[in-house]
1. Under unit Cβ charges (Lys, Arg +1; Asp, Glu -1), what dipole magnitude, rounded to 20 debye, does region 12-71 have relative to its Cα centre?
2. Rounded, prolate or oblate for the chain? Axes are the square roots of the Cα gyration tensor eigenvalues, ordered a ≥ b ≥ c, and the cut-off for rounded is a/c under 1.5.
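Here, each number is a calculation from the coordinates, and none is a lab measurement. Just so it is clear, the structure is predicted and the values come from calculations on it, not from any experiment. Virtual Cβ from ideal backbone geometry, glycine too; neighbours counted across all protein chains shown.
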Amino acid sequence: MFGSRGKYELPLHEEFGFTIARRGYDRDQVDAYITQLRGDSPPAGVVGFELVRRGYERGRVDEVITRLRREAGLGR
């Protein structure tokens, strides 16, 4: 799991099974948020991502973020 990319070896879309949708969440925004969420100072508050063409499928991203926020002790 660890490697030359740092703490996490797989790209986030592979690690969490994100698929590309016709209209979905902006991939760069999601990747940055999850990276921050798993870091030393997770973001607080409600998150929102732009809807873009060929973004991550929204339902899967919502599931993953909910789980990661719970694991980080941030609630929903």
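1. Computed about the Cα centre, the dipole is about 280 debye.
2. Values: a/c = 1.86, a/b = 1.16, b/c = 1.61.
It comes out oblate by the Cα gyration axes.
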